[in-house]
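As structure tokens, the structure follows; a few thoughts come after it.
A short reminder: the numbers here are calculations on the coordinates, not readings from a lab. The structure presented is a predicted model; accordingly, all values stated were derived computationally and were not measured. Heads up, the Cβs are rebuilt from the backbone with ideal geometry, glycines too, and the neighbour counts pull from every protein chain shown.
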Amino acid sequence: MQNDKSVYAVITVFALLVLAGFYLTFDKISALQTAVKNTELALTMKNTGAETVPEAPKEEKPPETVPTSTLSDSVADAPILSSILFTAESGSALLPQVPITITIESATRRSDNTVRFAVKAFTAAASSYTALDVGSLIQLIDADGNKTRSAEITGSFSSMPPKSSVSGSMLFSIPADRNTVILQVGPDDTAKYYEFDFGKKLYRETILG
């Protein structure tokens, strides 16, 4: 009988120890779960409340400015368009001599103190090659009758094909302070005069004397 009581006492003590162990283990697990939850909550609150640093705006570069085209160093003014028309006999260098129609298409004042006249000759009446002395037919002249021949002539006026046209130019040197010139066109006995005003951008027929 006494042995049975001893066995019951040992079993009771063992059961109490097991229960105490379960309790301690459960308490530690609960504490660990609480700590984990607190950590998760703290991380969540930290992520939620963290300030978002906005991305620095990209600096926009201004568009490159393409420099506008400048006038050529040798051209100061826009040309004065003209419609001067006259007829002259072709030169004696190539025969037969025939009437040639000449037009002055424009005049341009240049920054190098020159004036350029655009010239065109028409050989509609020619049946063979002809020549034209444009240097003697187109000259500058002042109010006193002093003439200035072209300093440079471009274009194949010395050998022009028949029933065709030849374009070229004539360059004249002028004083730096002069804004007007008078152009003589045609032979001396039938010459006409035209005044070009580069300040006002116009031209007109004029009379000398």
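Taking segment 96-126, which residues are crowded, with 16+ Cβ neighbours inside 10 Å and not in a strand (DSSP E or B)? Within segment 96-126, 98, 123, 126 qualify.
Scanning segment 81-94 for residues that are surrounded by fewer than 20 Cβ atoms within 10 Å (Cβ to Cβ) and within 13 Å of residue 162 (Cβ to Cβ) yields a single hit, 94.
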